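To keep things clear, I will list the structure first and then write my remarks on it.
The values are calculated or read from the model by the stated rules, or taken from the named source; none is laboratory data. These figures come from a predicted structure and were not determined experimentally. Don't worry about glycine lacking a Cβ; one is built from the backbone with ideal geometry, like all the others, and counts go over all protein chains shown. Side chains included, ligands, DNA and RNA excluded: accessible areas come from the protein's heavy atoms. Shrake-Rupley method; radii C 1.70, N 1.55, O 1.52, S 1.80 Å.
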Amino acid sequence: MSTFWLKAFELILSLSLLVFIHELGHYMWAIIFGVKVEKFYLFFNPWVTLFAWHPKTKKISALRTDKGTVYQSKGVEVKEEEEKSKKATWRDTEYGIGWLPLGGYCAIAGMIDETQGAEKLAAEPQPWEFRTQATWKRLLIMIGGVLNNFLLAIVIYAGMVWYWGEQYLPFTSATEGIEYSESAHKVGFKDNDIPLMADGEEVRYFDCDQLKIAMAKEVKVLRDKKDTVTIAIPEQFVLSVNSDLENGEPFMSCNVPTIVKSTMPGTGAEKAGLKEGDKLLAVNGVATPTFPKFTEELKKNSGKTIPLQLVRDGKTVTAQAEVDADGKLGFEVLGDFSKLFKTEQHSYSFLQSIPRGIEMGCDQLVNYVKAFKTVFSKEGAKNLGGFGSIGHIFPEKWDWFSFWSITAFLSVILAFMNILPIPALDGGHVLFLIYEMVTRCKPSEKFMEWAQTAGMVFLIGLLLFANANDIYRFFIK
């Protein structure tokens, strides 16, 4: 499977899970309060529905279109009067799968949202409709999706630390040194600086403290293994870090020695007799203590046969190797930090994983909220990304740890974004409900419809802008 299709699959799988859990939150509270949910769909179904099932009528439809149904099982008719006379249950809902994998929806009876406007609420209000419920019940129904997404993130994080534990690389264990991006150099970082404090809080780990450092106002580092230096971090520095990352230059990278993991058939590495575990020290007489330095020197010798100095089984030997026209030998470098450096492993029992999962979920939420304010700047708008940017963060090879880590992070983002007080989002509905609770005055259905429409126009515009940024970054820039 190509990298593009694998990342697309990972993105769709992750978002499908997140949307399902989100809509399930609305659905659960609606059913608990006896509110009818007319449709519960994974993916959108304009014009075509791939699959639909209605428990009460026992009808199953496949490839249903606006003009008809390719397949439909026999069902039983239910009188409208009989249906309305009973309290709504899960059996009143049509469950289905659409063809457009960009989300999903939960159509709640008696509620103005993207599935229905005010004209559909002209009939007499029914006791099983959303609009006839107490304000606090409607509030719980609306925040159910956000709560579910945040709880899902906590569950995923807890499950990850319970199953895999946590492995950390302390900054002090980066024995080959640390390299910083160009943006980091401009604000005062120097290669091999070891971070100590970020805004007065100790930072220890290469794996999880980078964002904290990039978002800090003041960072203390150990320079030349003897001097403590304070670096003032300018506003919106994190945007420069993101920009560097898009260009393939991480904020900080841990230098690793060049150790062969495996060679590729027919390449210069195989012909030179390189073996797993060989540590390459020099290229054509030039010392290459780190992998970046090794690749740099290798490119200078493109198309040549050169001597390589390496350590094998504790002995220093020399091998003649053919470098191809692209400046490569054809081997995979060992990149497992646990085998290269002294790392710290933290294990958790099932009960210990729960508070750790909560802590990780809250930390991610706080960090994202802090970073979100940069969206309202010119530079932040330029860095706004759509589905392409989201898909880009998934790994090129299938990795369950990375998949669940990214999914948990996206779940936190989805929870936060949905609670923003924008009409058409859950936060917009919550804002109007709070207004109703405070003033004891309910906004008119026509106003709600206009607000919903305005919110949808804004969100669609934002979505188009974000994806246009992706097109510019990936195809034009």
Rounded to the nearest 5, what % of the DSSP beta bridges within the chain are antiparallel ones? 95 percent
Among 440-446, 411-417, 306-312, 462-468, how do they line up by average Cβ neighbours within 10 Å per residue, starting with the highest? 411-417, 306-312, 462-468, 440-446
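Go ahead and estimate [θ] at 222 nm for the chain from helices alone: -39,500 (n - 2.57) per DSSP H run with n ≥ 4, summed, over the residue count, rounded to 500.
-13500 deg cm²/dmol
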So, by mean Cβ neighbours within 10 angstrom, what's the order for 363-373, 274-284 with the highest one leading? 274-284, 363-373
Which three lengths, in whole Å and largest first, does the range 148-248 cover when its Cα atoms are put on their principal axes? 43, 28, 28
Can you compute the equivalent ellipsoid semi-axes for the chain, i.e. the square root of 5 times each eigenvalue of the Cα gyration tensor, sorted largest first and rounded to whole Å? 53, 27, 20
Mean Cβ-within-10 Å packing, highest first, puts peptides 418-427, 173-182 in the order 418-427, 173-182
Heavy-atom accessible surface of the chain: percent carbon and sulfur, 1.4 Å: 60 percent
Accessible area of C208, 1.4 Å probe, to the nearest 10 Å²? 70 Å²
Farthest towards the positive end of the dipole of the chain, among I97, G303, M417 and with Cβ unit charges of +1 on Lys and Arg and -1 on Asp and Glu, lies the Cα of I97
So how do E129, E235 rank on accessible area, 1.4 Å probe, biggest first, that is with the largest at the start? E235, E129
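Based on alpha-carbon positions alone, could you give the equivalent ellipsoid semi-axes of the range 375-477 from the gyration tensor, as √(5λ), descending, whole Å?
33, 18, 11
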Checked the range 315-422 with the C-alpha gyration tensor, a ≥ b ≥ c its square-rooted eigenvalues, rounded below a/c of 1.5, otherwise prolate if a/b is larger than b/c and oblate if not; verdict oblate
